[in-house]
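A.B. asks: One structure, as structure tokens, below. Some questions next.
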Amino acid sequence: MAAPRGPAIQIPRWIQLVGLPVLLVVGYFLASTLGHALFLFLTAAVIAFLLNPLVRDLQKLKLRRGLAVAIVYLLFAAAVGVAVAGIATVAVDQTRSASTKVENYFTVKGAGGQTGADHDIDRLQLWLNRHHLEKVKIKKSLTNWSDSLKTKDITNATQQAFTFAKGAARTVVFGLFSLILIIVISIYMLLDFERLEASIDRRFPPHGGLPLTRRIERALAGYVRGQVILSTVIGASAGFGMWVLGATGLVPGADKYALLFGLWTGLIEVIPYIGPWLAAVPPAVYALVVHPLGVVWVAALFVFIYQIEGHVVVPNVMANALRLHPLLVIFGLLAGGELYGLPGVLLALPTMAALRAIWEFFGERIELEDWQDGDRALPVDVDIEPPKPHVVSGG
């Protein structure tokens, strides 16, 4: 049974014509001017809305709200810390191992006096010759490219990569201040959440349906749940696929780094549209280095995975979570990136999910005054001439 509809607020035409565009312009300038502060408060609000149901459940056990907030945050911090530590350990170890394998591929000579790269170049040229493609002479150009990599000291390149990683780590440390602010703001929001809910319900009664804050909670929880399922399915599929390619010898050594590729794919999947392309880059580069023909198998694997994602997983998992037109999603991602870079892109979709819940809530309570008055007849002046007398002619 549908919830009873409350009284609707009608927006006059002059506000539609003047007020709403001005409001959009003011909102844009505030977002561009206060981008950092807005990002911090939006992130804190998303966290508060996601954790509030857990706090509410703990309060049912007769715990005070402050204690319930402390317990939830300790559990949340512990879970995040364990996940980050585990992922970082696996990623660093396997990245170091993979970089060593790449370096040895170009520098270490085997029993025949050839490096792995030289051996694979000879095999590729031989395959072309056997298939009547003798005119395709790639051995010389690929050998020159391989030799140029040797002369550039791959060890130095590897060290530079780790130096870059250290610089990125320093950036993360410098961002710790923003993280602390987000945590403090979200804690204050959680502590005052009951007061906020009561205030919103007084001004905007739910009229028998879900309150506004509960709708936002449900929208955010649905988005996060869908994203976790999507990342898990796609990441596991990519990791298993790379393990199969490595175990069958199509991409030598890929089975040893399948966990790394799977973690990368699952993490980068949180960026829609762009993430699938970025996820395939490291496996493709690895395949190109260890066995050039393996790039074809890696490409086929990721095309298959993302066909399944686009036609099966996303429609069944994320469709109910967002319920937004793809053009709105793309616009939200571009706007988030323009305002605050990659963090803004990551925050764009949960923010849009919350905005959709707000839109639906007020859409039931707000009506726009019609610009076409169909019920009111407009007066029209009509000159009516008196009828002329009918003259009958005699015969």
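The values are calculated or read from the model by the stated rules, or taken from the named source; none is laboratory data. Note that the structure is predicted; figures quoted are calculated from it, not measured. Virtual Cβ from ideal backbone geometry, glycine too; neighbours counted across all protein chains shown.
A.B. asks: For the range 181-297, which fully contained helices (runs of 4 or more DSSP H) count at least 2 residues that are surrounded by 15 or more Cβ atoms within 10 Å (Cβ to Cβ), out of contact with any Phe, Trp or Tyr (no Cβ under 8 Å at 6 or more places or on another chain) and not basic (Lys, Arg)?
C.D. replies: Passing ranges, in order: 193-203, 212-247, 258-268.
A.B. asks: Within the range 311-318, can one find any residue that is surrounded by 13 or more Cβ atoms within 10 Å (Cβ to Cβ), farther than 23 Å from residue 347 by Cα and without any contact (Cβ under 8 Å) to a residue 24 or more places away in the chain?
C.D. replies: no
A.B. asks: Go through the range 63-77 and give me each residue that's over 16 Å from residue 189 (Cβ atoms) and in contact with a helix residue (DSSP H, G or I) (Cβ under 7 Å, 6 or more places away or on another chain).
C.D. replies: 71
A.B. asks: Oh, and also: Give the range 319-343 a look and list any residue that's touching a residue at least 60 places away in the same chain (Cβ under 8 Å) and over 28 Å from residue 308 (Cα atoms), or say none.
C.D. replies: Residues satisfying the conditions are 339, 340.
A.B. asks: Related question: Residue check: is residue 330 more than 30 Å from residue 48 (Cα to Cα) and either out of contact with any Leu (no Cβ under 8 Å at 6 or more places or on another chain) or of a type in the set (Gly, Ala, Ser) (or both)?
C.D. replies: It is false that residue 330 is more than 30 Å from residue 48 (Cα to Cα) and either out of contact with any Leu (no Cβ under 8 Å at 6 or more places or on another chain) or of a type in the set (Gly, Ala, Ser) (or both).
A.B. asks: Just checking, does the range 99-106 include any residue being at pLDDT below 90, more than 24 Å from residue 225 (Cβ to Cβ) and either of a type in the set (Lys, Arg) or loosely packed, with under 11 Cβ neighbours inside 10 Å (or both)?
C.D. replies: yes
A.B. asks: Would you confirm, using the coordinates I've provided, whether residue 384 is modelled with pLDDT of 80 or more, over 16 Å from the mean Cα position of the chain (by Cα) and aliphatic (A, V, I, L, M)?
C.D. replies: No; evaluated as a whole, the condition is false for this residue.
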